[in-house]
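Below you'll find the structure, written out as structure tokens, and then a few comments.
The values are calculated or read from the model by the stated rules, or taken from the named source; none is laboratory data. Predicted, not measured: the structure shown is a model, and the values here were computed from it. Cβ coordinates were reconstructed from backbone atoms using ideal geometry, including for glycine residues, and neighbour counts include every protein chain displayed. In case anyone asks, the SASA skips ligands and DNA or RNA and just uses the protein heavy atoms, side chains included. Shrake-Rupley method; radii C 1.70, N 1.55, O 1.52, S 1.80 Å.
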Amino acid sequence: MTIFNLGSINADLVYRVPHLPAPGETLAATGFTRGLGGKGANMSVAAARAGARCVHIGAVGGDGVWALDRLTEYGVDTRQIAKSDEATGHAIIAVDEAGENAIILHPGANAALKKVGLINALAEAQAGDFFLTQNETTLQAEGARMAQAKGLRVAYAAAPFEADAVQAVLPFLDLLVLNAVEAAQLEDATEKSVADLSVKDIVVTLGADGCRWYETEEKTVQDFPAFKVDPVDTTGAGDTFTGYLIAGLDRGMPMEQAIRLASKAGALMVTRLGTADVIPDLKDVQDASFN
Ligand code: RIB
């Protein structure tokens with residue numbers, strides 16, 4: 001089947017810093033790289049590297065031809081990426097010595113998507129395909145509604161968290177992926193525990209503590225341990241997890257197996273500096289061994 005991913009495409013400007021800057025502080029970087037990123041693009045690359053057919057729905061500016069070239073090189077179908085009058089989105093990312101990050105986003109073309117592009121892209125979709133989205137573009141709720149109406153399985157990564165945006169897509173979701181902070185924010189916003197939401201499958205990632213899967217129809221909860229790694233850069237690890245998770249489910253894996261594969265891919269990603277350009281392929285993930 002196919003994964004249709006409505007998502008952001010960014011130029012990631014990554015600065016290695018001794019610590020994350022404090023308010024008012026001027027800090028010299030010890031390293032700099034420029035690469036492909038955006039939560040959406042990262043998930044598309046992860047899904048493609050996991051062996052899935054992934055159609056990315058999004059937009060870049062006239063300055064974004066390089067991003068299309070890289071997505072194509074990484075195996076993502078770019079035919080449904082529009083050319084916008086806005087500049088390609090970018091992210092300024094500081095990464096400290098412990099691998100933690102702070103990110104400033106400039107949405108650019110990601111905030112200028114047109115509904116007609118979404119309609120054209122989903123015209124290719126068939127019942128049983130996946131629709132995936134996050135929160136760095138416009139049209140998520142519209143896309144989720146259209147995808148559900150066509151019989152697609154609808155998945156959403158609630159990042160960056162924005163309470164109204166998340167609640168607008170909730171009625172259409174089959175699968176929700178979020179981290180512990182986002183889960184707490186969603187519980188505050190809905191005044192419900194995650195386990196009581198009307199979404200069949202909910203996966204809460206817990207960083208070094210692994211993740212938790214809630215199957216809300218059967219009312220089961222299952223914990224999965226994390227693979228232990230020395231972190232170099234946590235940027236994009238969650239996106240890699242989600243892309244691999246959806247790719248695994250798209251290939252027909254049971255949820256437990258897809259979560260284990262995604263956890264391994266996310267762990268390997270944490271050992272690499274950068275985002276989409278360094279997302280591991282399936283062979284790297286299968287060959288990886290952790291202590
Ligand atoms: O999740 C990491 C991503 O967040 C980066 O690639 C950056 O572009 C921002 O979207």
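Shown here are the Rg and Dmax of the Cα trace of the stretch 237-286, at 10.1, 31 Å.
Normalised by residue count, the stretch 49-126 yields a Cα convex hull volume of 126 Å³ per residue. Karplus-derived 3J(HN,Hα) values for the stretch 107-119, using 6.51 cos²θ - 1.76 cosθ + 1.60 with θ = phi - 60°, are x, x, 4, 4, 9, 10, 6, 10, 4, 4, x, 5, 4 Hz; glycine and proline are entered as x. 3J(HN,Hα) couplings calculated from phi for the stretch 245-256 with the Karplus curve 6.51 cos²θ - 1.76 cosθ + 1.60 (θ = phi - 60°) are, in sequence order, 4, 5, 4, x, 5, 4, 7, x, 5, x, 3, 4 Hz; Gly and Pro show x. The HN-Hα couplings worked out from phi for the stretch 83-92 by the Karplus form 6.51 cos²θ - 1.76 cosθ + 1.60 (θ = phi - 60°) are 9, 10, 6, 6, 5, 4, x, 9, 10, 9 Hz, whole numbers, x standing for Gly and Pro. Met255 contributes an accessible area of around 20 Å² to the protein surface, as traced by a 1.4 Å probe with all chains present. Under 5 Å between amide hydrogens, which residues at least 5 positions from Ile81 or on another chain qualify, with H placed 1.01 Å from N in the peptide plane? Under 5 Å from the amide H of Ile81 lie the amide H atoms of Gly58, each far enough along the sequence or on another chain.
Once the other residues with Cβ under 10 Å from the Cβ of Asp250 are scored (Lys, Arg +1; Asp, Glu -1), what is the net sum? Spelling it out: positives minus negatives among the neighbours equals +2.
On the protein heavy atoms, probe 1.4 angstrom, tell me the percent of accessible surface of the stretch 1-128 carried by carbon and sulfur.
About 55 percent, which is the carbon plus sulfur part of the accessible surface.
Where a Cα-Cα gap under 23 Å defines reach, which lysines qualify for Lys283, not counting those fewer than 8 residues away within the same chain? Counting by Cα, and skipping residues close in sequence, Lys283 has these lysines nearby: Lys39, Lys228, Lys264. For the chain, the per residue solvent-accessible surface stands at 43 Å², with DNA, RNA and ligands left out and a 1.4 Å probe.
By the rule of a C-alpha distance below 26 Å, with chain neighbours fewer than 8 residues away ignored, the lysines paired with Lys192 are Lys200, Lys219. Convex hull of alpha carbon positions in the chain: directionally averaged projected area 14.5 nm².
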